[in-house]
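Right, one structure below, let's go through it.
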Amino acid sequence: MDDLHELRVLGTALAQTGLWADQAARIKPELFQTNYQLGAAICAMNATGTSLDPQSVQAYLADKGIKYLISDLMRIADCGAFTTYSLRLSVDKLHEAAKRRSIQRLVGQIMTQLETPGVSAEEIIRATMLNLVDIDARSSAEPLPIGEVFKRIIAGIDKPRDDGCQTGIQPIDRMTAGFKPGELIILGARPSMGKTSLAVGFCRQAAAAGKTVVFFSLEMSAEQVGQRLLADLSSVTLARIATHRLGTDDLNLVINAANTGHNFRLFIGESVENLESVCRQIQHRDGLDLVIVDYLQLMQVKAESREQQIATITRKLKRLAVQLGTPVLALSQLNRALEMRANKRPQLSDLRESGAIEQDADIVMLLWREAYYDDSADPTTAELIVAKHRNGPTGAVPLIWDSDCTRFWYRSESK
C-alpha cells in the first residue's frame, strides 16, 4: 500500500508540477522506501528550481549513475494524483509510515541499550523520551494559505475565548484572556515579595475551575506548597497551619479546605529532572491545562555561562508550552541591582539574565510591594505589573496582600 502512495506522490511531481508544489514543503527523501533514489532526486531538483518533467529527471539521475527508462518514468507519471485532497492523503500516509519506521528503529536501540552493561534504566527512559519527541516533531503539518488562516479565525470570532487558564484577578484576565495554550508566562519578583504565594493562588483558581495543573516546586517541599494552598483555601493563618497550633474552629476550616481541594487535579513535583516526560504523562492520563515552575534560576542545564544556561532553559520552557499546547508559568528572581536605585519599582531589565527571558516570554508580570522597602508604606498594598504582553496591552493592577494567609486579592474583591 505504501508503494502505491509513493507512486502517487512521485507521479504527481512528474506529471502535475503545480499540484505537487502544494505539498512540496512536506515531501522529503526519507518518506520513500521502494523508490528512494527517485524521490531523493526529485526533492533535490525541486530545491534548485529544476524542471521535474520525465526527461529532466532521467538526465539528472543519469549524471548520478542511476539508470531509469523514460518509459518507466512515464508509467510512474500516470500514477499521479488528480486532486489536492488525494495528494495530501498520500503524503499523510507516507509520513505515518516514516514515523512507524523510526519507532521500530528506536525499539531496536532500546533493546541494545538494555543489554549494554552500565546503562541505567533512567538513561534509557530519558533517551527514549527525547527520541520520541524528535519523531513526533517531524510533523506532517504544512504551511497554511492565508485564506485558510482567516477562515479559522473568523469561524470562532463571535465567541469569547475560554481556552485560557483564568488567574482570578479580573483586570489581568481581561488584559490577557487568561494564560493561553502555548504561552510562556514569566512572573518576576525579588525574594520574599510573594511570587510563590501568587502562583499558588493561580493554581487554586485553575484547579477550582476543573483544570489540570502541575506545580514544580524547586524551593519548597510539596508539603510546604500544600500548606500555602490550605491557608489560601481556609483563610487560616499559614503560621498556625505550619506549626500545628490550631484551635477547634481553625481545624474545622482547614479540614473543610482539604476536603474542597482533595479532588483538585493538581500535582506537585519537587524536581524538574524529567520535566517534559512528567508533563506528557500527566497530559496523557488527566489532560494538562497549566504548568508552573518555581523558579527558573534553580533549573540546571549544561552551558558555558549562566546567561547561556538561562537562555537554554527559557527556550526549553517555551518549546514545552508549544509542544504540549499548554501555558507554562515560570517564576523568576529579579536582579539585586534594582535595590541600588532610588525608585525600586521593578522593570523588565531587572530580570536576571533578562535578555533571553524577555525574548522568549509571551507575557512578563512583575510583582511589587512598596512596604518591602519602606516600613511606612501600607503593608497590604501590592501591584502586579504586566510589563510585556506579546499579543495585548500592558499595565499595572493594584492588589491586596494578606500576609497571614499568604495570598493576594484584587482590590475590588471581598475577602
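The values are calculated or read from the model by the stated rules, or taken from the named source; none is laboratory data. Everything numeric here is computed off the predicted structure, so don't read it as measured data. So basically every Cβ, Gly included, is an ideal-geometry build from the backbone, and we count neighbours across all protein chains shown. For accessibility, only protein heavy atoms count, side chains too; no ligands or nucleic acids. Shrake-Rupley method; radii C 1.70, N 1.55, O 1.52, S 1.80 Å.
Worth pointing out:
- Taking the criterion of being open to solvent by 30 Å² or more (accessible area, probe 1.4 Å), over 20 Å from Leu338 (Cα atoms) and in a strand (DSSP E or B), the only residue of the range 358-399 that qualifies is Pro398.
- Matching option when the condition is part of a loop (DSSP other than H, G, I, E, B), open to solvent by less than 60 Å² (accessible area, probe 1.4 Å) and either in contact with an Asp or Glu (Cβ under 8 Å, 6 or more places away or on another chain) or closer than 25 Å to Leu132 by Cα (or both), among Leu317, Leu288: Leu288
- Qualifying residue in the range 249-260 (condition: of a type in the set (Asp, Glu) and open to solvent by less than 40 Å² (accessible area, probe 1.4 Å)): yes
- Across the range 329-349, not a single residue is classified as under 29 Å from Ile282 (Cβ atoms) and part of a loop (DSSP other than H, G, I, E, B).
- Within the range 64-81, tally of residues that are touching a residue at least 12 places away in the same chain (Cβ under 8 Å) and either open to solvent by less than 70 Å² (accessible area, probe 1.4 Å) or assigned to a helix (DSSP H, G or I) (or both): 10
- Pick from the range 227-281, criterion hydrophobic (A, V, I, L, M, F, W, C) and assigned to a loop (DSSP other than H, G, I, E, B), ranking: nearest to the chain's Cα centre (by Cα): Val272
- Some residue of the range 212-221 being crowded, with 20+ Cβ neighbours inside 10 Å and at pLDDT below 85: yes
- Any chance Phe215 is part of a helix (DSSP H, G or I), closer than 16 Å to Val293 by Cβ, in contact (Cβ under 8 Å) with a residue 12 or more places away in the chain and aromatic (Phe, Trp, Tyr): no
- Matching option when the condition is under 25 Å from Ala356 (Cα atoms) and in contact with a Gly (Cβ under 8 Å, 6 or more places away or on another chain), among Leu320, Leu298, Leu334: Leu334
- Qualifying residue in the range 82-94 (condition: at pLDDT below 85, in a loop (DSSP other than H, G, I, E, B) and surrounded by fewer than 13 Cβ atoms within 10 Å (Cβ to Cβ)): yes
- The one condition in (1) outside any loop (DSSP other than H, G, I, E, B); (2) in contact with a Leu (Cβ under 7 Å, 6 or more places away or on another chain); (3) over 21 Å from Val278 (Cα atoms) that Ala207 fails to fulfil: (3)
- Scope the range 32-63; condition hydrophobic (A, V, I, L, M, F, W, C) and open to solvent by less than 10 Å² (accessible area, probe 1.4 Å); matching residues: Phe32, Leu38, Ala41, Ile42, Met45, Leu52, Val57, Leu61
- When Arg204, Arg174 are screened for being over 20 Å from the mean Cα position of the chain (by Cα), open to solvent by 40 Å² or more (accessible area, probe 1.4 Å), free of Cβ contacts under 8 Å to residues at least 12 places away in the same chain and farther than 22 Å from Asp360 by Cβ, only Arg174 passes.
- Against the conditions (1) over 30 Å from Val133 (Cβ atoms); (2) open to solvent by 30 Å² or more (accessible area, probe 1.4 Å), Ala13 satisfies every one except (2).
- Filter pass, Lys64 being in contact with a helix residue (DSSP H, G or I) (Cβ under 6 Å, 6 or more places away or on another chain), at pLDDT 85 or above and of a type in the set (Lys, Arg): no
- Flag for Ser197 being within 26 Å of Gln347 (Cα to Cα), of a type in the set (S, T, N, Q) and modelled with pLDDT of 85 or more: yes
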